[in-house]
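Colleague: Pasting in a structure now, in structure tokens, and then I'll have a few things to ask.
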Amino acid sequence: MQGIREVVAYLRHKDKAIQSDCIKVLYEIGYLKHALIAEYVADFIGLLTHTNNRLVWGAMIALSTIATIRAREIFDARERVMQSLESGSVITVDAGIKTLAGVAAAEVSFNTVLFPYLLNQLRLCRPKSVAQYAESIFVAVTEQNVHQYREVLAARKEDLQPAQLKRIEKLERRLP
């Protein structure tokens, strides 16, 4: 844990290359063992408004790896996450969708607030992203919202290439 603490501290280093290396190390740790970086949720949320775009999208990836275990903290910062989605890079948006879907999957009250936002992202995203967003959001689909999810998927099908359509059909077969 001391090593991870040091890596987090270097996120504030003046050298952007060091910052970038450190955020990559942290989200890679998150992919492998998310509990090791979970206590730094506030640090990652704080980076969402950083001027270094690499730190913004790296922080969002890190948040996506800990979304289900730090759902409360991320839910409480949902406005900042959503602002990053609205103004961020493609990587930020992709990871942000995963982050919010993980939070929505963690608790019914979070789902009630976040799922409409996620559906709207799915409804409005570029055709190339439909299958990916649908897969990310799938974890937050419940018996209460499956109908709306199906409606959005059906409306987007005409925009999809055959490979993307296959991915959507595979998801539909798994729905409750």
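Here, each number is a calculation from the coordinates, and none is a lab measurement. Small disclaimer: the values here were computed from a predicted structure and weren't measured. Methodologically, a virtual Cβ is constructed for each residue, glycine included, from the backbone with ideal geometry; neighbour enumeration extends over all protein chains shown.
Colleague: Given 25 °C and 0.890 mPa s, how large is the Stokes-Einstein diffusion coefficient of segment 111-176 in µm²/s, with Rh as the Kirkwood radius over Cα pairs?
Modeller: Result for D is 210 µm²/s.
Colleague: So, one more: With the Cα gyration tensor of segment 12-79 in hand, give its eigenvalues times 5 under a square root as the equivalent ellipsoid semi-axes, listed largest first in whole angstrom.
Modeller: Taking √(5λ) for each Cα gyration eigenvalue gives 19, 14, 8 Å.
Colleague: Largest first and in whole Å, what are the equivalent-ellipsoid semi-axes of the chain based on the Cα gyration tensor, each being the root of 5 times an eigenvalue?
Modeller: Taking √(5λ) for each Cα gyration eigenvalue gives 30, 17, 14 Å.
Colleague: Towards the positive end of the charge dipole of the chain, with charges on Cβ (+1 Lys, Arg; -1 Asp, Glu), say which of LEU32, THR68, GLY3 has the farthest Cα.
Modeller: Farthest towards the positive pole: LEU32.
Colleague: Sticking with this structure for a sec: Which one of ALA67, ALA77, ALA134 has the biggest mean-square fluctuation once the chain is modelled by GNM with Cα springs under 10 Å?
Modeller: Largest GNM mean-square fluctuation: ALA77.
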